[in-house]
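A.B. asks: The following block contains the structure, expressed as structure tokens.
The values are calculated or read from the model by the stated rules, or taken from the named source; none is laboratory data. Note that the structure is a prediction, hence the values are computed from the model and not measured. With ideal geometry, Cβ positions are generated from the backbone for all residues, glycine too; neighbour counts draw on all protein chains shown.
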Amino acid sequence: MKEKEKSIAIVPGSFDPITNGHIDILRRASEEYDKVYLAVMINSNKNYMFNISQRTNIAKAAVADIPNVEVICSEGMLWELARDLSAVAIVKGYRNDIDLEYERSMAEYNSAHYPEAQTVLLQANERLTDVSSTAVRGKILNGEPLDGILPSGAINEINKIIAEQKL
């Protein structure tokens, strides 16, 4: 008898840094798929506070308690990553209508190139819709507390990075 194939999903993003909103989407995806890759990606249109290695380490610290999630990084196209991982789904979150329209256009692009991976759009948890990486970066720059908006593992990793940079 043939062994059942594992369902694989990708939760992609810049994650600069990863927030509790991202974690909520990731946890929901991890309940639906056998294996979930959190893919730290590069968007050439963005200026980052943390480099890709730092963002990957922050994400790893944030998801350490979710057993079927693996953090990877990729500098290529999302559809190519989905193809290379044999993913059946690309899971994205959205907070508002602007996010939704953007994600729909990205979903069309990815589907045109790799139709085997369906894009699944999950609406953000209502209590997390105000949480954005942009707002978090502002809090970091102002030395404000990050409790409640970032996972504790991410906060610890960010504090290590900040301490290293001040040496």
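A.B. asks: Of these, Ala124, Ala112, which one is modelled with pLDDT under 95, farther than 18 Å from Tyr37 by Cβ and not acidic (Asp, Glu)?
C.D. replies: Going through Ala124, Ala112 in turn, just one is modelled with pLDDT under 95, farther than 18 Å from Tyr37 by Cβ and not acidic (Asp, Glu): Ala124.
A.B. asks: Go through region 95-139 and report how many residues are within 20 Å of Ile8 (Cα to Cα) and part of a helix (DSSP H, G or I).
C.D. replies: 9
A.B. asks: Are any of the residues in region 14-28 touching a Gly at 6+ places or on another chain (Cβ under 8 Å), touching a residue at least 60 places away in the same chain (Cβ under 8 Å), basic (Lys, Arg) and within 21 Å of Leu150 (Cα to Cα)?
C.D. replies: No, region 14-28 contains no residue that is touching a Gly at 6+ places or on another chain (Cβ under 8 Å), touching a residue at least 60 places away in the same chain (Cβ under 8 Å), basic (Lys, Arg) and within 21 Å of Leu150 (Cα to Cα).
A.B. asks: Filter region 33-47 down to the residues that are out of contact with any helix residue (DSSP H, G or I) (no Cβ under 7 Å at 6 or more places or on another chain) and outside any strand (DSSP E or B), then identify the one that is farthest from Ala9 (Cα to Cα).
C.D. replies: Out of the qualifying residues, it is Asn47.
A.B. asks: State all residues of region 76-131 that are crowded, with 17+ Cβ neighbours inside 10 Å and of a type in the set (Gly, Ala, Ser); if no residue qualifies, say none.
C.D. replies: Ala82, Ala87, Ala89, Gly93, Ala107, Ala117, Ala124
A.B. asks: Now, a different point. Among the residues of region 82-120, what is the count of those that are out of contact with any Gly (no Cβ under 7 Å at 6 or more places or on another chain) and either within 20 Å of Val69 (Cα to Cα) or aromatic (Phe, Trp, Tyr) (or both)?
C.D. replies: 19
A.B. asks: Being at pLDDT 95 or above, of a type in the set (Lys, Arg), more than 20 Å from Leu121 (Cβ to Cβ) and surrounded by 13 or more Cβ atoms within 10 Å (Cβ to Cβ), is that true of even one residue in region 48-61?
C.D. replies: The answer is yes, given that some residue of region 48-61 is at pLDDT 95 or above, of a type in the set (Lys, Arg), more than 20 Å from Leu121 (Cβ to Cβ) and surrounded by 13 or more Cβ atoms within 10 Å (Cβ to Cβ).
A.B. asks: Among the residues that make up region 67-76, is at least one of them modelled with pLDDT under 95 and of a type in the set (A, V, I, L, M)?
C.D. replies: No, every residue in region 67-76 fails to be modelled with pLDDT under 95 and of a type in the set (A, V, I, L, M).
A.B. asks: Quick one: is Ile10 surrounded by 15 or more Cβ atoms within 10 Å (Cβ to Cβ), among the β-branched types (Val, Ile, Thr) and under 21 Å from Leu128 (Cβ atoms)?
C.D. replies: The answer is yes for Ile10.
A.B. asks: Any idea which of (1) buried (at least 17 other Cβ atoms within 10 Å of the Cβ); (2) farther than 18 Å from Arg137 by Cα; (3) of a type outside the set (A, V, I, L, M, F, W, C); (4) more than 10 Å from the chain's Cα centre (by Cα) is the one Asn68 doesn't satisfy?
C.D. replies: Asn68 satisfies every listed condition except (1).
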